[in-house]
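Everything on this sheet refers to the single structure shown next.
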Amino acid sequence: MINLRGKTKDLAAVDGRRRIGLDAVMTALSFVLLLVIVVTPISMIIYHAFFYQGQFSLDLLIDQFTRETTLSAMWNTIKIALLVTVFGTIVGVFYAWLLGRSNIPGKSLMRFLFTIPYMFPPFLGAMAWDLLLNGRSGYLNRWAIKTFGLSSAPFNINSIWGIVFVELSYYFPFVFMQVVSALERMDPTLEESARIAGARQGTVIRKITLPLVTPAISSGALLILISSLAHFGVPAILGFSQGIFTLPTRIYAVIARSGGSFDGIRQGAALSILLVAVVAIALWIQQRVIRSGGYDIIKGKSMRPTVINLRGARIPLFILALSTLVVIVLVPLVMIFLVALVKAYGLPLIPANFTLANYERIFTASGTIESIKNSMILSVSAGFITMILGTLVAYVVQKIRPKGSTLLEVMSVLPYSIPGTVLAIGVILAWSGSLGINLYNTLWIILVAYIARYLSFSMKTSSAALLQVHPSLEEAARTCGASHTESLKDITLPLIRPAMVSGFFLIFLPAMREVTTSVLLYGPYTRTLGVQIYSLRDAGMMPQASALGSVAIVLIVVVNTIVNALNQRRKGV
Amino acid sequence: MAYVRFENISFAYGDNQVLKNFSLSLEKNEIMCLVGPSGCGKTTLVRCLLGLNRPSEGEIWVGDTCMFSSKRRINVPAERRGIGIVFQDYAVWPHLTVKENIAYPMRKRKVPKQEIDRRVEDVLRLVRMSEYINHLPSQLSGGQQQRVAIARALMTSDDLIVMDEPITNLDAKLREQMLYEIRELQRNVGTTVFYITHDQRAALQLGDRIAIMDPKGDLIQLGSDEDIILRPKTRFVFEFIGVTNFLNLKRVDGQHKLDLGSTLAPWPGEVPQELRGGAVIDVGIRPNDIVFDRSSPVRGTVERAVFLGSEYEYFVRAGEKTLRIQQGSLDAGQSGIVREGSEVGLKFLNPYYYPAAREEAV
């Protein structure tokens, strides 16, 4: 018989000689990395907003906060966010109910189509709508003026309402997806018993269904609110030309105008404090709402809900849903691809004016190729590093649970609630020499920002997976003779690998199309795909910007398809 | 010298002192069942033995190896203790096949491949799982997964296996069968088995010796099944082992009388010397130790009679107490079945006397 115990005799004082354990190393590493990546940039913003040349001073904040431009930007931010939230919630709930509970035709396909805006980069949508409805040069506007002999453009997308409309079409899926799944998991007997008790269809919807999905609606709505408050792309593309600023775009403008000087960055830091304060209030409301809500009657398992017969309204509502899809998905997509083909912006969109020259130009211009390469490098490495780091932190928080693990958790999800613009300023302040490390104008600074920004994604997916791995699985390995490291390698890691991979893609995809932070962090040789599209457009090269935009869309669709195929195959096992 | 020794083990989760100066010894080749209610510290003790928990005090020995000693600062890491474990939730690794699961302990010890293959086949034959060698755990039933877990434990050690509630997740019929199989396996291999359970019946069925822990985590009785059933040391053990009736004796004028709430009845039994001073004494009686006796001064009314096949069960109201009485069908047939509503006299055959605890309706 092979017996292990014989060997342990000469290991008598194992405990006494034991080196620092793996758990301690992982815990320390998590803390150090989060301090460097997350806490440093955030503290730098706070420091520079409140201290000037080592002296505490509120001058900067007071000066910035009392400016008319700041106040109007803040007002715009709040106004846009509230409008987007209200309308986004209405649209989201309506379509969730229509596609979740009625007998409208083509439900499952439409449900998929309604989630497309979720993966489509909003700034590309803004660009498309600008091409179509720009107050001076939009295709539709010029066509309307010519056809109906109007004296001025009937639509103006470069307005608060234009911004609201475009943001709305990309943010309503937040509410839509939450409510659809809540409707699905609702116990159908709750509604049936109301019907049996004599309530009409309308009363059931009002008195039973809506109150039950209220928690889902409010969490989706707050997600819209917070995303819109921090949103940069759409107001940047639609608002600049008309002098409409929100806080994130104002911060960008201040820094861009100062040419990256320290003073500009300090002003940006002060404005960031204001933006964070606004977001913090929204988050605080979210906490209160989530704490007060929640019903147990929404079950975890899927049930067969009662389907409501729309009768005569079936076809009109179907047409309405279809037209919504056409407007929010098809029109922008078609615009981007058509303008990408046109010889010059403004020429009619007819085959005679089409050319592939724009694609040729972007694929031969070194800047563009470089930007695709940069985005690829950044997305892959940010995805990979963040996947590892997120899993490490998740393991420490879920399995080791050291003192201060709550702090660790908070630190890792903190950047998620901090607007990307603010994070970028923090990263500039921290890593452009003031702490002895200068990463400015390199890819590294963008990478650091991406890691901080997306850490919570991989941390959350890995945490969920680790919770499924019962501690006895690892302990069984230990008693079978595996060291701590070996039990991690042989048991835990293989079990959470699928979650880690999906964590990777959860980061890779948004990183591929990122503009908000990279637009503040890029240098001459470190443009990203998003930044390049943005600058091409800024320089008036609409067809080339569109061509590059269409490339981005194709990339995103391809990767998404691969991810879905992978997920399907995994479920098949 | 005992094979496994826990000497004065203390362990606390934060402020919660789970084990205090706990000592217990296992002989080689025996099945020791450790029984106690949920949360009494059984699993904690096992985890200390395996090296997954670190006691604050005490020593743990397996054979002539000291696994843990707080004084001598010894704490052999879990992976070097070489103790087989079967967890309640099986802990069979879902991403590995049956063979890979079972071979894992050997692989970690760098055993040559042919040797591993041979041993895996042997042990699979032992747990009657040979045809499932290349299955994944998701393709196996609960009982089969449990067998894989046992096989894996045997691969870690055929000297000492710990089983922590291994059959709790199985259905009743399978539980019986697994208990029988564990017994057989132990006989064939000669392993020492440390079996942890909260189910006193499984313990009585399986164990050579049984150790009973109370909810505070103290060892109260250690002995054979007979010891435990016939000579329960405390009221807790008596209650824990089976269905019980508890009555109070009240001392009136130096005489102990049976307190039935509204009335006092004479108590014919002999109160042990050391308890005679108590104003109130608890008496425990098993349902099948109460018999009907017309001449008894203790009277009651049959409220309900239930026929269970091999026996009759009666619920008899005496004063303000309801007693549960069992009578074998054969006896009942001979002496006549007592109908609901009839008045009966009760005789108590095997009373167990304990110092008074808080009063409880049984």
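Helix B:98-108 and the longest principal axis of the C-alpha atoms of chain B enclose an angle of approximately 70°. Peptide B:88-100 has a mean shielding of 4, counted as Cβ atoms of other protein chains within 10 Å of each residue's Cβ. Using a simple spin-label model with pseudo-atoms 7 Å out from Cα toward Cβ, B:Ala2 and A:Asp538 lie 7.8 nm apart.
Taking 14 Å as the straight-line reach from the Cα of B:Lys42, the aspartates and glutamates in range (excluding those fewer than 8 positions away in the same chain) are B:Asp164, B:Glu165, B:Asp199, B:Asp214, B:Asp218. Counting charges near B:Val243 (Lys, Arg +1; Asp, Glu -1) among other residues having Cβ under 13 Å from its Cβ returns a value of -1.
Go ahead and run the numbers for FRET between B:Ser141 and B:Tyr13, Cβ-Cβ distance against an R0 of 35 Å, rounding to 0.05. Intermediate results must be reported in sequence, preceding the final value.
Details: r = 35 Å, r/R0 = 0.99.
Taking R0 as 35 Å, the efficiency between B:Ser141 and B:Tyr13 is 0.50.
Among the trypsin sites (Lys or Arg not before Pro) found in region B:151-247, those both in a DSSP coil and sparsely packed, with 14 or fewer other Cβ atoms within 10 Å of their Cβ, are B:Lys216.
Relative contact order, whole percent, for region B:243-355 stands at 31, derived from Cα pairs under 8 Å and 6 or more residues apart. Take every Cα pair under 8 Å whose residues are at least 6 apart in sequence, average their separation, divide by the length of chain A, and the relative contact order is 19 percent.
Computed from Cα atoms, the angle from the helix B:142-156 axis to the main principal axis of chain B rounds to 60 degrees. The distance between label points at B:Val252 and B:Ala356 comes to 1.4 nm (points 7 Å beyond Cα on the Cα→Cβ vector). Projecting the Cα atoms of A:Ser463, B:Val302, B:Gly63 onto the dipole axis of the protein assembly as shown, where Lys and Arg carry +1 and Asp and Glu carry -1 at the beta carbon, places A:Ser463 farthest toward the positive end.
Starting from the Cα-Cα distance between A:Ile90 and A:Ser72, subtract it from 0.36 nm times their residue separation and give me the gain in nm to one decimal. Show your work: numbers first, answer last.
Working: separation 18, 0.36 × 18 = 6.48 nm, distance 2.68 nm.
This chain segment gains 3.8 nm when fully extended.
Karplus-based coupling profile of region A:143-155, in residue order and whole Hz: 5, 5, 4, 5, 5, 9, x, 6, 8, 9, 5, x, 10, with θ = phi - 60° in 6.51 cos²θ - 1.76 cosθ + 1.60 and x standing for Gly or Pro.
Here the Karplus curve 6.51 cos²θ - 1.76 cosθ + 1.60, taken at θ = phi - 60°, turns the phi angles of region B:302-307 into couplings of 6, 8, 8, 10, 10, 8 Hz, with x standing for Gly and Pro.
The charge dipole of region B:243-355, taken about the Cα centre with unit charges on the Cβ atoms of Lys, Arg (+1) and Asp, Glu (-1), comes to about 180 debye, rounded to the nearest 20.
With K and R counted +1 and D and E -1, the other residues having a Cβ less than 13 Å from that of B:Arg286 yield a net charge of -3. The angle between the Cα long axis of helix B:172-189 and the longest principal axis of the Cα atoms of chain B comes to about 60 degrees, rounded to the nearest 10.
Electrostatic tally near B:Leu264: other residues with Cβ closer than 9 Å to its Cβ, Lys and Arg +1, Asp and Glu -1, net +1.
Which length gain, in nm to one decimal place, applies between A:Phe148 and A:Ala313 when the Cα-Cα distance is subtracted from 0.36 nm times their residue separation? Each step should come with its number before you reach the end.
Working: separation 165, 0.36 × 165 = 59.40 nm, distance 3.33 nm.
Result for the pair: 56.1 nm of gain on full extension.
In a simple Cβ point-charge model (Lys, Arg +1; Asp, Glu -1; nothing else charged), the protein assembly as shown has a dipole of about 2260 debye relative to its Cα centre. Using the Karplus relation 6.51 cos²θ - 1.76 cosθ + 1.60 with θ = phi - 60°, the per-residue 3J(HN,Hα) values for region B:334-344 come to 6, 8, x, 6, 7, 7, 4, x, 7, 8, 9 Hz, with x marking Gly and Pro. Relative to the globular-protein estimate of 2.2 N^0.38 Å, the Cα radius of gyration of chain A stands at 1.07.
What FRET efficiency comes out for the pair A:Phe337/A:Val25, r = Cβ-Cβ distance, R0 = 41 Å, nearest 0.05? Working shown, then result.
On the way: r = 52 Å, r/R0 = 1.26.
Using R0 = 41 Å, I get an efficiency of 0.20.
For the pair A:Ile205 and B:Glu343, label points projected 7 Å from Cα toward Cβ lie 7.3 nm apart. Residue order for A:Thr355, B:Thr191, fewest other beta carbons within 10 angstrom first, comes to A:Thr355, B:Thr191.
So if each residue of separation counts as 0.36 nm, and I subtract the Cα-Cα distance between A:Arg361 and A:Trp161, what length gain in nm does that give? Please list the in-between numbers first.
On the way: separation 200, 0.36 × 200 = 72.00 nm, distance 3.48 nm.
Taking 0.36 nm per residue and subtracting the Cα distance, the gain is 68.5 nm.
Can you put B:Lys321, B:Lys71 in order of Cβ neighbours within 10 angstrom, beginning with the fewest? Walk me through the numbers on the way to the answer.
On the way: B:Lys321 19, B:Lys71 8.
If I rank by nearby Cβ atoms, fewest first, I get B:Lys71, B:Lys321.
Rule-based calculations on the coordinates, nothing more; no lab input. None of these values were measured; they are calculated from a predicted model. Positions of Cβ are generated from backbone atoms using ideal geometry, with glycine treated the same way; all protein chains shown enter the neighbour counts.
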